[in-house]
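Comments concern the structure below.
The values are calculated or read from the model by the stated rules, or taken from the named source; none is laboratory data. Owing to the predicted nature of the structure, the values given are computational and were not obtained by experimental measurement. When we count neighbours, we look across all protein chains shown, and the Cβ atoms used for this are built from the backbone with ideal geometry, even at glycine.
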Amino acid sequence: MPIPPFVTALRRRVGHDLLWLPGVTAVVVRGADAGPEVLLVRRADNGSWTPVTGIVDPGEDPHVTAVREVLEEASVVAEVERLVWVAAGDVVTHPNGDRAQYLDHTFRCAWVSGEPVPGDDECTDAGWFAPHALPQMPERHRVRVEWALADEPGVRLGSGDVAARR
């Protein structure tokens, strides 16, 4: 997986120590005659199907990151509809030994144009899936998709079973 230049610069100073990084998950939805479809990508690093994810660049608003990452990873143009979830993830140890923890901002996005194809080396496949026929994926991503598809007006806060709302 490509490492953003600012993370590479930080790693030169802190080595594999834990970094706290802002991230996004973009759940892109398009309407279809047979019902809604969700955009998923197959990650190159572990083969998992997930919504599009990415790291927020310094000074970049998270919703802008979501749109940018969808275009970069899946060659699809999307627009953010709303923020649906904000939560701290678990500590992740990457294959190279780098440790990170991400503050994830999950956005529901609407498809604008484009057919999904891998746009960079972060994914090996991309496609549309009906919500009732999602491929196997990590539970944390499945829950984000479910929450983005729910017609809930609030923002889910935290990763607990009971969602706090504003």
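Of the residues making up region 104-120, just one is among the β-branched types (Val, Ile, Thr) and closer than 10 Å to residue 25 by Cα, namely 106.
Selection of region 29-56 for residues being within 23 Å of residue 83 (Cα to Cα), hydrophobic (A, V, I, L, M, F, W, C) and modelled with pLDDT under 95 yields only 32.
This table checks each residue for (1) surrounded by fewer than 17 Cβ atoms within 10 Å (Cβ to Cβ); (2) among the acidic types (Asp, Glu); (3) over 16 Å from residue 29 (Cα atoms).
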site	(1), (2), (3)
97	yes, no, yes
102	no, no, yes
139	yes, yes, yes
152	yes, yes, no
156	no, no, yes
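Determine, yes or no, whether residue 59 is modelled with pLDDT of 95 or more and assigned to a loop (DSSP other than H, G, I, E, B). So residue 59 fits the description; yes.
Taken over region 73-85, the criterion of being surrounded by fewer than 17 Cβ atoms within 10 Å (Cβ to Cβ), under 19 Å from residue 128 (Cβ atoms) and not β-branched (Val, Ile, Thr) is satisfied by 75, 79, 81. Residue 58 satisfies every condition listed in (1) closer than 13 Å to residue 28 by Cβ; (2) loosely packed, with under 15 Cβ neighbours inside 10 Å; (3) touching a helix residue (DSSP H, G or I) at 6+ places or on another chain (Cβ under 7 Å); (4) not aliphatic (A, V, I, L, M) except (1). Looking across 121, 104, 90, one residue alone is under 28 Å from residue 153 (Cα atoms) and at pLDDT below 95. It is 90.
Give just the number: which of (1) part of a strand (DSSP E or B); (2) under 20 Å from residue 141 (Cα atoms) does residue 112 not satisfy? Going through the list (1) part of a strand (DSSP E or B); (2) under 20 Å from residue 141 (Cα atoms), residue 112 breaks only (2). Mind checking whether some residue in region 37-54 is touching a residue at least 40 places away in the same chain (Cβ under 8 Å), assigned to a loop (DSSP other than H, G, I, E, B) and either of a type in the set (Val, Ile, Thr) or farther than 23 Å from residue 135 by Cα (or both)? No: zero hits.
Scanning region 116-130 for residues that are in contact with a helix residue (DSSP H, G or I) (Cβ under 7 Å, 6 or more places away or on another chain), of a type in the set (Gly, Ala, Ser) and assigned to a loop (DSSP other than H, G, I, E, B) gives a single hit, 119.
Restricting region 104-117 to residues that are surrounded by fewer than 22 Cβ atoms within 10 Å (Cβ to Cβ) and in contact with a Ser or Thr (Cβ under 6 Å, 6 or more places away or on another chain), the residue that is farthest from residue 43 (Cα to Cα) is 114.
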